[in-house]
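Structure, as structure tokens:
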Amino acid sequence: MEVNTMINTLQDPMGIPFYPILFQVLMILTFSLHIMFVNFVIGTSFLSVYGYLKGGEYWKHLSRSMVRAATSSISMAILLGVAPLLFVQVIYDVFWYASNMLSAGWVISFVFILMTAYSFTYVFYLKRHSKGNSFAIFGIIAFALFIFAGVIMHALGYQLLQPEKWLDWYVKGNTTDTSGASLHAFQISRFLHFIVPSFAMTGILLMLYAWYFKDRNDKDKGYLQWAGRMGANMAFVFTAIQTVAGFWWLLSLPSEFRFFLDPFFLISAVLGIVLLVCLYSARKDPVRYAVPGILLAFLTILGMSYARESLRLKYLGRFDYSIFNYKLNLDYGSTFLFLSTFVVGLVIAGYLVAVAYKSGRVAGEYVSTTSMNRWGKVSIALLLIWIAIVVGLGIVISVKNY
């Protein structure tokens, strides 16, 4: 069977409920947010252990702050990871599910690996004030498991791009491999392209850390300056390393793609260079460049995510596959419900982030303003309305089908 025929045969015969460009754009946007917090998880996990083992007043303080940041980043990474995963399943269903079935054991294990890593991080967080280095083992294992979880997701995403190899991976001689116990594809340059930025992004996070607490009278100014400078240096060095890793990956791509001429790649490359220049300047004044640095870093991630999607289209285009040719079965009702859920989620999540941001900038008790109270009430009302609509639709549809 030809690969193109196989792909079309495996597609959902019901098609997709709306134009694929919408799902593609939202997938790229939410993936950019997700991977940014994944970077924070890996970087803060590493620094929390490193500072704990290195010792010294500043490093111990930084270790405690970073492990707190790690626990929050894990939650955000998981929350923001749901949306791009769902979008992939809509427009790349054949490829994603085939890759998952080929390595089903690791797909299931991924959940437990992540749960274990989170649990160990939380134990390390609870024991962050303990004397000695005995509890560092929890942080070390958590960091290793986060990296391993990244290996699994990298393999699943890379297997997705190679449908011409699926049959060879599935059929071994005269038998079929239904164990799902193998990860069939791994590319070190591609993997590093996702992992190295973790340390650059965490460096920018330290710059933000110094900027965020600079007006707090109860914070050690010397410590904040030290953390900010170290973060700026860290961000610059690892962004430079990421540039090398990125070009290594670029050179490893199939030559027929001519990806170095792709407009999305060129845009992301320019953004990366501008970010590198910004971080070079930030080493002299980390606080001043903290906010521009994180905004520019996100734009760079967003550009790279678009370039990544463009590359995926080139990989799958070899088999005459395009998401824009997917059968349409327009369903305005479900699409509207989905988009409204997305908006409601942004409003509620935005409120929680705003409260966390404002409360952390004051040394004592945080007193909410009138506008924040109004935002909170709107969030609660939207959530209750959403629950009523979803439950009501469920009851109506169930009764109608019955």
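Computed from the coordinates by the stated procedures, all read-outs in this text should not be read as laboratory data. Nothing here was measured: the structure is a model prediction, and the numbers come from that model. Every residue, glycine as well, gets a Cβ built from its backbone with ideal geometry; the counts of neighbours run over all protein chains shown.
I want the local charge near residue 357. Using Cβ-Cβ distances under 14 Å, sum +1 for each Lys or Arg and -1 for each Asp or Glu among the other residues.
Values: positive: 216, 358, 361; negative: 215.
Local net charge: +2.
Cα gyration tensor of segment 226-315, axes a ≥ b ≥ c as square roots of the eigenvalues: rounded (a/c below 1.5), prolate (a/b > b/c) or oblate? Let's see the in-between values first.
Numbers: a/c = 3.27, a/b = 2.26, b/c = 1.45.
It is prolate, given that a/c is not under 1.5 and a/b is the larger ratio.
Need one word for segment 261-395: rounded, prolate or oblate. Basis is the Cα gyration tensor (sqrt eigenvalues a ≥ b ≥ c); a/c below 1.5 gives rounded, then a/b vs b/c decides. Display every interim value, and only then the final one.
Values: a/c = 4.74, a/b = 1.05, b/c = 4.53.
It is oblate, given that a/c is not under 1.5 and a/b is not larger than b/c.
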Going by Cα centres, segment 146-198 and segment 10-47 are how many Å apart?
18 Å
Quick one: which of 54/219; 60/221; 214/284; 60/127; 60/284; 54/221 span more than 18 angstrom between C-alpha atoms?
54/219; 60/284; 54/221
Computed from the mean reciprocal separation of all distinct C-alpha pairs, what Kirkwood hydrodynamic radius does segment 1-160 have, in Å?
17.4 Å
Kindly write out, for segment 389-396 in residue order, the coupling ³J(HN,Hα) from the Karplus curve 6.51 cos²θ - 1.76 cosθ + 1.60 (θ = phi - 60°), rounded to whole Hz, with x marking Gly and Pro.
5, 5, 5, x, 4, x, 5, 4
Tell me, what ³J(HN,Hα) does each residue in segment 114-121 have, in order and in whole Hz, if you take phi through Karplus 6.51 cos²θ - 1.76 cosθ + 1.60 with θ = phi - 60° and put x for Gly and Pro?
5, 4, 5, 4, 5, 4, 5, 5
From phi via Karplus (6.51, -1.76, 1.60), per-residue ³J(HN,Hα) for segment 36-45 in Hz, x at Gly/Pro
4, 6, 4, 4, 4, 4, 5, x, 5, 4
Arranged by the count of other C-beta atoms within 10 angstrom, fewest first, what order do 78, 204, 195 take?
78, 195, 204
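Kirkwood hydrodynamic radius, computed over distinct alpha-carbon pairs, for segment 331-402: how many Å, to one decimal?
Working: mean 1/r = 0.0697 Å⁻¹.
Computed over Cα pairs of segment 331-402, the Kirkwood hydrodynamic radius comes out at 14.3 Å.
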For residue 301, net neighbour charge (Lys/Arg +1, Asp/Glu -1) across residues whose Cβ lies under 15 Å away:
0
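When a footprinting reagent is the concern and you count Cβ atoms within 10 Å, what order do 230, 36, 115 take, fewest first?
Numbers: 230 19, 36 24, 115 11.
Least to most surrounded, the residues fall as 115, 230, 36.
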Looking at 184, 30, 156, which one has the Cα that reaches farthest to the positive end of the dipole of the chain (charges on Cβ: Lys, Arg +1; Asp, Glu -1)?
30
Rank 89, 118, 101 by how far each Cα sits towards the positive end of the charge dipole of segment 55-165 (+1 on Lys, Arg Cβ; -1 on Asp, Glu Cβ) and give me just the farthest.
118
May I ask you to sort 154, 184, 61 by Cβ crowding, counting other Cβ atoms within 10 Å and putting the fewest first?
61, 184, 154
Spelling it out for residue 161: with amide H atoms placed in the peptide plane at 1.01 Å from N, the residues 5 or more places away or on another chain with amide H under 5 Å from its amide H are none
Is the shape of segment 3-328 rounded, prolate or oblate, going by the alpha carbon gyration tensor and its root eigenvalues a ≥ b ≥ c, with a/c under 1.5 for rounded and a/b larger than b/c for prolate?
prolate
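Find out how many positive minus negative residues lie around residue 167, taking Lys and Arg as positive, Asp and Glu as negative, among other residues whose Cβ is under 13 Å from that of residue 167. It would help to have the intermediate numbers written out before the result.
Working: positive: 165, 172; negative: 2, 164, 168, 177.
Around residue 167, the surrounding residues sum to -2.
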